[in-house]
Structures are given as structure tokens and as C-alpha cells.
1. Step by step: first the residues of the stretch 71-109, then only those that are within 30 Å of residue 237 (Cβ to Cβ) and of a type in the set (D, E, K, R), then the one that is farthest from the ligand (Cβ to nearest atom). Which residue is that?
2. Quick test of your reading of the structure: residue 165 fulfils all but one of (1) closer than 22 Å to residue 252 by Cα; (2) within 14 Å of the ligand (Cβ to nearest atom); (3) not in a helix (DSSP H, G or I). Name the failing condition by number.
3. Considering only the stretch 171-200, state which residues are buried (at least 24 other Cβ atoms within 10 Å of the Cβ), small (Gly, Ala, Ser), outside any strand (DSSP E or B) and on the phi < 0 side of the Ramachandran plot.
4. Which condition does residue 273 not pass, out of (1) surrounded by 15 or more Cβ atoms within 10 Å (Cβ to Cβ); (2) in contact (Cβ under 8 Å) with a residue 24 or more places away in the chain, if it passes all the others?
5. Identify, from the list 199, 238, the residue that is within 16 Å of the ligand (Cβ to nearest atom), at pLDDT 95 or above, touching a helix residue (DSSP H, G or I) at 6+ places or on another chain (Cβ under 9 Å) and not polar (S, T, N, Q).
6. Name the residue that is nearest to the ligand (Cβ to nearest atom), counting only residues in the stretch 114-142 that are surrounded by fewer than 24 Cβ atoms within 10 Å (Cβ to Cβ) and of a type in the set (S, T, N, Q).
7. Looking at the stretch 1-42, which of the residues that are loosely packed, with under 12 Cβ neighbours inside 10 Å and among the acidic types (Asp, Glu) is nearest to the ligand (Cβ to nearest atom)?
8. Of the conditions (1) part of a loop (DSSP other than H, G, I, E, B); (2) within 15 Å of the ligand (Cβ to nearest atom); (3) not β-branched (Val, Ile, Thr), residue 329 clears all except one; give me its number.
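The values are calculated or read from the model by the stated rules, or taken from the named source; none is laboratory data. Note that the structure is predicted; figures quoted are calculated from it, not measured. So basically every Cβ, Gly included, is an ideal-geometry build from the backbone, and we count neighbours across all protein chains shown.
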Amino acid sequence: MMKKPDKPVLVTRSSLPPLEEYVEMLKPIWDSAWLTNMGAYHEKFKEQLKRYLKVGSLELFVNGHMALELAIQAMELQGEVITTPFTFASTTHAIVRNGLTPVFCDINEKDYTMDVDLIEGLITEKTCAIVPVHVYGNLCDVERIQEIGDRHHLKVIYDAAHTFGEELDGEGVGAWGDASMFSFHATKVFHSIEGGAVAFKEKALERRLYQLKNFGIMDSETVEYVGANGKMNEFQAAMGLCNLRHVEEEIGKRRELAMRYRQRLEGIEGIRLCRENPRVKYNYAYMPVVFDGYKAERDEIFQALKEKNIYTRKYFYPCVNSYECYRERFRAEDTPVADRISKQVLTLPLYADLPVEIVDFVCDTILEAGE
Ligand code: T4K
């Protein structure tokens with residue numbers, strides 16, 4: 001086994017373009033002194049993203065959370081929203097901050113996305129939408145969800161924060177549902193420092209999303225709507241444009257490392273990895289591993305790795321329905337699979353420049369902890 005790394009290895013590390021490339025992009029910003037409010041880079045980034053993500057309509061935002069919160073607001077909903085508790089805080093907060101009531105659906109054991117067999121049992125006369133999450137880049141059963149949404153006249157808004165560039169049967173994942181939110185946060189496969197986008201179907205949403213991100217201001221004398229400020233600035237868009245040139249290479253490197261983890265950990269008793277769906281083009285956003293009946297518990301492995309300078313993360317523990325701020329309203333026991341998986345899962349370090357020796361070191365440490 002290699003010796004403990006000198007520097008801490010974190011769960012991820014932002015990918016950055018060559019510095020000169022970004023500096024070159026900054027020159028026109030200095031020349032024009034146009035820093036934000038839908039500048040030239042903003043528009044160019046939007047067009048390039050539409051092509052890369054293979055979606056017809058898209059609006060950019062300052063971050064993924066604002067994108068999701070405002071996408072939900074744009075739908076003008078009331079009542080209950082069926083969603084998953086196995087996610088980042090943002091998903092549920094976006095629902096609640098819109099004055100809507102989240103109804104938590106449990107997840108499946110296979111890929112930790114919403115268990116589609118349970119959705120219909122949660123629909124009431126108050127249900128207005130479904131907000132599923134393609135967690136870790138694992139695609140939800142979009143076909144079944146579409147069918148349920150259509151049958152019950154529900155909006156479907158995907159939290160696609162983890163699925164940048166993913167495809168199902170060659171079609172961009174953002175083409176599913178009424179809208180999908182992508183996050184371009186620094187920790188993501190693809191980033192614009194902070195940033196996000198909403199891909200959507202209905203053309204009318206374009207105007208509403210624009211109003212929502214720009215105070216409802218349509219021109220210097222016309223304020224049409226009580227909007228917020230969710231605009232992406234030119235420095236973000238410039239970083240996005242640079243990173244877009246390198247994203248395929250980044251994903252390729254991640255893929256190699258994910259395969260290495262798989263090679264080392266697959267088939268070991270008590271260790272569960274997600275199975276890949278051959279219809280999906282993945283982005284290898286995260287490397288989740290579930291310890292279920294392994295000789296060491298998740299928290300013991302977390303600790304063993306930490307002692308060796310490897311900082312994994314318990315994404316997503318605790319489940320949202322046991323957060324302090326929601327404790328009075330929900331119970332984690334109502335979604336037992338999510339509750340259990342959240343206590344068994346660890347996301348291992350994965351980023352393009354992670355040395356393969358570290359992947360081996362992480363695997364060796366996990367295997368040693370189970371001896
Ligand atoms: N929906 C879902 C399902 C999401 O996962 C997220 C975000 C959202 C919605 C909302 O999208 P955004 O509004 O964020 O665009 C991180 C990210 O901040 C967050 O974007 C992400 N999900 C979540 C899963 O992970 P933390 O609290 O774990 O971040 P932090 O600061 O502990 O960073 C994690 C690791 O990343 C560090 O150990 C090192 C590395 N890192 C971090 C930063 C900030 C870098 O390499 N560079 C950096 O600049 O939430």
C-alpha cells in the first residue's frame with residue numbers, strides 16, 4: 001500500500017482551465033466594462049449550452065438553487081409536491097420557500113432515485129407537481145414519471161444538478177419533464193464557479209424565467225413582474241465557456257477512475273455499487289458506495305480514511321426529512337430506505353486529476369478496514 005498522502009485528499013477538487021485561457025477571456029470584459037446583466041458571454045454561453053445539453057430552451061442563473069427555486073415559482077403552483085428526501089438541502093428548500101408542501105417519496109435500492117412504484121400512493125387532490133432528483137447522476141425512471149405526471153396532470157420538474165451532459169438513448173436528460181435544473185457549482189463535473197440553468201419545454205416559460213431572474217424588468221421603463229435577482233455575471237459565463245471546451249476530457253478522466261474503483265470494489269461482500277444503465281451516457285459526478293452488511297460500518301470506514309488524510313463525504317446524510325428545520329413536520333421513518341441508505345453511504349474522492357494511486361489507496365484502506 002502507498003504511504004498516507006501528505007496533503008488532505010478531499011471528496012472533490014474544482015477543475016480549472018489553463019489560467020492563460022481564462023485571462024484571455026477577461027480582456028473583452030475589461031474593454032467593455034460590461035460585467036453582468038446578460039452580457040455577451042452570457043448569451044454565448046447560453047447558446048453553447050443549449051447545443052451541448054441537447055435542449056431546445058434554456059435560461060441561465062446565478063446558481064443552481066436560484067434556478068430551481070425560480071423554475072418552481074414560474075410554474076405558479078399551489079399545494080403538495082412529491083419529492084425525495086435523499087438529496088441536498090436545496091431541493092426541498094426550493095419547494096418550501098415557494099410556499100409548497102413537500103411530500104416525501106422513498107427511494108429505490110437500485111440507484112437511490114425516487115421509487116416510482118410509490119408515487120401514485122402519495123398523490124392527493126392537493127398534489128400539483130413531482131420534483132425528482134437524478135441523484136449522483138443516476139437517472140430517475142423518467143418514462144414512468146412522465147406517464148404518471150401526464151395521467152394526473154402534474155408538473156414534473158427535475159433536480160438535474162448532478163446530470164450535466166448526461167443522455168438517455170442519445171437524448172439530453174434536460175429534455176425530460178416540464179423543466180430540469182442543472183447546477184454549475186465549483187464542486188460539479190462542469191462549473192461556472194457558481195451558476196445554474198433551467199432547461200424547459202413550454203416556450204411561455206422563457207419570458208417568466210427571465211422576469212423572475214431580473215426583477216421583472218423588461219426594459220428601462222417596464223417592470224412586469226415581482227421578480228428576484230438571479231442573474232449570472234460575465235465572469236461566471238467566461239469560466240463556463242472555458243470549462244465547456246474541456247468537459248469531455250474531464251468526464252473521460254473521471255470515467256477511468258470510476259472504473260478503477262469499480263474494478264477494486266465490485267463483488268466484495270457487503271459493498272454495493274450502483275449498476276450502470278447501458279442506455280445512459282454518464283458524467284461520473286460522484287462515486288457513491290453503500291456498506292450493507294460489510295465487516296466495517298460506514299462511519300468506521302469514514303474514520304479509517306480520515307486518519308489516512310482521505311476526506312470522503314456522507315452525501316446525503318442526514319436525509320432532509322430529519323433536518324433540524326423540518327423535524328417538527330416530517331419523520332425519517334416514513335422513508336425507511338432513504339433513511340437506511342443515508343446511514344450506509346459514502347461518496348469517495350472523484351475528480352479528473354485524482355491520481356489513480358490514491359484510488360487504489362482508498363480501496364486498500366476500505367478493504368483493510370473490513371479484515
Ligand atoms: N440540488 C442538488 C441535488 C445538489 O446537489 C445541489 C448542490 C443543488 C441542488 C444546488 O445547486 P447550487 O446552488 O449549489 O448550484 C457542495 C456544493 O456546494 C453544492 O453545490 C452541491 N450540491 C453539494 C452536493 O456539495 P458542500 O456543503 O458539501 O460543499 P463544500 O464546501 O463542503 O465542498 C465540498 C468539497 O468540494 C470540498 O471538500 C473541496 C471541494 N471544493 C469546494 C469548493 C467550495 C473545491 O474543490 N473547490 C471549491 O471552490 O456542498
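1. Restricting to residues being within 30 Å of residue 237 (Cβ to Cβ) and of a type in the set (D, E, K, R), the top hit is 76.
2. Single failed check for residue 165: (2).
3. Those that are buried (at least 24 other Cβ atoms within 10 Å of the Cβ), small (Gly, Ala, Ser), outside any strand (DSSP E or B) and on the phi < 0 side of the Ramachandran plot: 174, 192.
4. (2)
5. After ruling out the rest, the residue left standing is 199.
6. The selected residue is 127.
7. 6
8. Exception for residue 329: condition (2).
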